[in-house]
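Student: Dropping the structure in here first, questions after.
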Amino acid sequence: DPDGYNSEDEFRYNDEDEIIVQKLSANPNPSQFPLHSAAADGDYKSVKRILQAANINVNDVDHGGDIDLNEISPELRSTVDEITVPGRTPLYLACWNASKSLENSPYTTPLTTESTPDKYKKTVAILLKHSANPLITLPAVRSFDQSFNAIDRAIRSGNYEVTYLFKGFKMQDGKSYMQHYLEQIGCDNIRDGFDCEKVCYSDTKKEVFLAGYPLLFQAAQAGDLEMIENIFAYAKDFQVTAHESETKISFFAKESLETTQKNIKKYLIETKSNHPYETVLHAAVRSNDPRVFELLVDNGADPSLTDRNNKTPLDLAKELSCDWMDVIMKSQKKQPGIR
């Protein structure tokens, strides 16, 4: 069975963890939890109306989605409604489903004809305005072996417009959550197994990146120079300790910085996206910002590398009629390296 259900078993759900995992993936009950349901659907107009009309705690958790009682062992049936999913707030649900607003997303079946590419961005913005707490964490259970909060889900959604809303969010120690995320998780550990091409917003047709793209690719495509620099400075992928070097002996600080730079260069040259198997410089071309391209080349990205269609970043720039192709051509004459 593709869902992992053995027909020989008498009941599908035999303990609370199994019920929690199922509730995590099911839609909220709209009659019991209208705010959660609207947030999960990206229905920002309903979210705004509900919050204005009722005295609702925006950080309440729902009871998860409904489960067929016949599939639950008898001793748990009477308490199934009391088994909540800690952390499943309206904000968490909106961030978890943010990929659904991307046209041709593997998460959207079937594709809708309604053009609402920014509905989750608007939904999340409204919830944050009403003091939604993005750090409420969904604990690790069974197949979910890692704890997640709303920001984690936003980053993994690949919807960078939603991720961007959390860029300035700070933790109690004053450190930005994005810095914390990069130090703990890194910038590459957000890929999924989907392989789809030309994912784009349904109204502007502008291409966007899903979770198959590392965070650096998302930031490059969005033209977010600050995020790119933060990734270089803090992502654990590069074993970054340069920002701590002031407290260390200069020799070891220099050695650490050189290691970091080598790791960044290696990553920029060797890493390609899951779909459509592009380099980070192809992503940079889509930003239409030459500063992004130059920053990546200065840190070691190689403009001669091709995608699966054997196209270089310059080839892509010609297709997109970029007016700064001279920057790309100039970079091709340089030996990629770190300066």
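Student: If I stretch the segment between Asn27 and Asp173 completely, what's the gain in nm (0.36 nm per residue apart, minus their alpha carbon distance), one decimal?
Tutor: Fully extending the segment from Asn27 to Asp173 adds 49.1 nm.
Student: Quote the FRET efficiency, to the nearest 0.05, computed for Asp15 versus Ile136 with a Förster distance R0 of 25 Å and r equal to the Cβ-Cβ distance.
Tutor: With R0 = 25 Å, the Cβ-Cβ based efficiency is 0.55.
Student: Now, a different point. For Lys266 and Lys45, FRET efficiency with R0 = 35 Å and r from the beta-carbon atoms, rounded to 0.05? Don't skip to the end; give the middle numbers.
Tutor: Values: r = 47 Å, r/R0 = 1.34.
According to the calculation, E is roughly 0.15.
Student: Which of Lys100/Lys266; Lys236/Lys333; Lys45/Lys167; Lys48/Lys100 have a Cα-Cα distance over 26 Å?
Tutor: Too far apart for the 26 Å limit: Lys100/Lys266; Lys236/Lys333.
Student: Next question, about the same structure. Long-range amide H contacts for Phe148: which residues qualify at under 5 Å (H placed 1.01 Å from N, peptide plane, sequence gap of 5 or more or a different chain)?
Tutor: Leu138
Read-outs: derived from the displayed coordinates by stated rules, not from any lab. All of these numbers come straight from a predicted model, not from anything done at the bench. Methodologically, a virtual Cβ is constructed for each residue, glycine included, from the backbone with ideal geometry; neighbour enumeration extends over all protein chains shown.
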